[in-house]
1. Out of Tyr168, Tyr127, which single residue is hydroxyl-bearing (Ser, Thr, Tyr) and in contact with a Cys (Cβ under 9 Å, 6 or more places away or on another chain)?
2. Return a yes/no flag: does the stretch 172-194 have any residue that is in contact with a Cys (Cβ under 7 Å, 6 or more places away or on another chain) and surrounded by 16 or more Cβ atoms within 10 Å (Cβ to Cβ).
3. Go through (1) outside any helix (DSSP H, G or I); (2) closer than 21 Å to Ala167 by Cα; (3) not small (Gly, Ala, Ser) for Asp32 and report which single condition fails.
4. Quick check: anything in the stretch 193-203 assigned to a loop (DSSP other than H, G, I, E, B) and over 21 Å from Leu234 (Cα atoms)?
5. If you check Asp219, Asp143, Asp198, Asp206, which single one turns out to be of a type in the set (D, E, K, R) and closer than 21 Å to Leu119 by Cα?
6. Residues being among the polar types (S, T, N, Q) and either at pLDDT 95 or above or surrounded by fewer than 17 Cβ atoms within 10 Å (Cβ to Cβ) (or both): count how many of those fall in the stretch 195-221.
7. Look through Leu110, Leu48, Leu61 and report the one residue that is closer than 17 Å to Leu153 by Cβ and not acidic (Asp, Glu).
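The values are calculated or read from the model by the stated rules, or taken from the named source; none is laboratory data. Since we're looking at a predicted model, the values are computed, not measured. Cβ placement follows ideal geometry from the backbone for every residue including glycine, while neighbour counts extend to all protein chains displayed.
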Amino acid sequence: MRKKIVAGNWKMNLDKNQALALTNDLVDTLGDLPEHQRVMVCPPSIHLSSVVEVASGSKGLEVGGQNMHQAGSGAYTGEISGAMLKSYGVNSVLLGHSERRAYFHEDNSLLREKVDAALAMGIEVIYCFGEILEERENETHFDVVSSQLKEALFHLEASQWNGVVLAYEPVWAIGTGRTASPEQAQEMHAHIRSVLTDTYGTECADGVSILYGGSVKPDNAKEIFSQPDVDGGLIGGASLKTEDFMAIVAAMS
């Protein structure tokens, strides 16, 4: 049975004291989770050590990284390796987030290398992907999403998908004032699972958690999460407030 997951991406927000206060609030509020549910936060790398230490007091709160370099070490000023993440007890990482693609020009070829590096280190990959507004409007969104999957992930063996979570981001619906309906989310998630099925078979495809990353908020989380192929959410702004984030967690079934 695939897991239901809510992961909070803090992006480049919160100073140290704010990060610790939020983590403490989440630890105090979260409590025990059902076996089929996971809750995670992905703070800026400078906060990982402190957040991991606080989260260790929780039975349910996991901590992930926002990015990692494909090389194990070397002259890559400002970058973070998989070994560094692991050394702090961080066992999951976001790769391919729409902002990394747009602002830092990460493409599917580079992400393929990053995916391989993470999995080789035993780090779970939360692979982010999705179409921009122009691609949605010209009706190439299914092809774009299929390519983002195939070019970065479809060299993997079926067994390696145990270490991969997918996070679909309709980039056109994030911070633009436009919204994707639960039906649109389900339509794309079903397409993603069908693409997986075509290559890896039903058993593998049915075991992969696919998160939705299109501006999930407390007032729409329940309806989005109730869609049959939506297995939770990658949460941005709403993950920075305990009350909002926990309301979204509560919307998981």
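1. Numbers: Tyr127 fails: in contact with a Cys (Cβ under 9 Å, 6 or more places away or on another chain).
Step by step, each of Tyr168, Tyr127 is checked, and only Tyr168 is hydroxyl-bearing (Ser, Thr, Tyr) and in contact with a Cys (Cβ under 9 Å, 6 or more places away or on another chain).
2. The initial filter retains those residues of the stretch 172-194 that are in contact with a Cys (Cβ under 7 Å, 6 or more places away or on another chain), namely none.
Checked against the condition, which is being in contact with a Cys (Cβ under 7 Å, 6 or more places away or on another chain) and surrounded by 16 or more Cβ atoms within 10 Å (Cβ to Cβ), the stretch 172-194 yields no hits at all.
3. (2)
4. Filtering the stretch 193-203 for residues assigned to a loop (DSSP other than H, G, I, E, B) gives 201.
With over 21 Å from Leu234 (Cα atoms) added as a condition, the list becomes 201.
Yes, the stretch 193-203 contains at least one residue that is assigned to a loop (DSSP other than H, G, I, E, B) and over 21 Å from Leu234 (Cα atoms).
5. On the way: Asp219 fails: closer than 21 Å to Leu119 by Cα; Asp143 fails: closer than 21 Å to Leu119 by Cα; Asp198 fails: closer than 21 Å to Leu119 by Cα.
Just one listed residue meets the conditions, Asp206.
6. From the stretch 195-221, those among the polar types (S, T, N, Q) are 197, 199, 202, 209, 215, 220; that's our starting set.
The next check asks that each one be either at pLDDT 95 or above or surrounded by fewer than 17 Cβ atoms within 10 Å (Cβ to Cβ) (or both); those that pass are 197, 199, 202, 209.
Residues meeting the conditions: 4.
7. Values: Leu48 fails: closer than 17 Å to Leu153 by Cβ; Leu61 fails: closer than 17 Å to Leu153 by Cβ.
Of the residues listed, the single one that is closer than 17 Å to Leu153 by Cβ and not acidic (Asp, Glu) is Leu110.
Residue-wise test of (1) outside any helix (DSSP H, G or I); (2) touching a residue at least 12 places away in the same chain (Cβ under 8 Å).
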position: Ser109; (1), (2): no, yes
position: Gly122; (1), (2): yes, yes
position: Tyr127; (1), (2): yes, yes
position: Glu131; (1), (2): yes, yes
position: Glu139; (1), (2): yes, no
position: Val144; (1), (2): no, yes
position: Gln148; (1), (2): no, yes
position: Glu151; (1), (2): no, yes
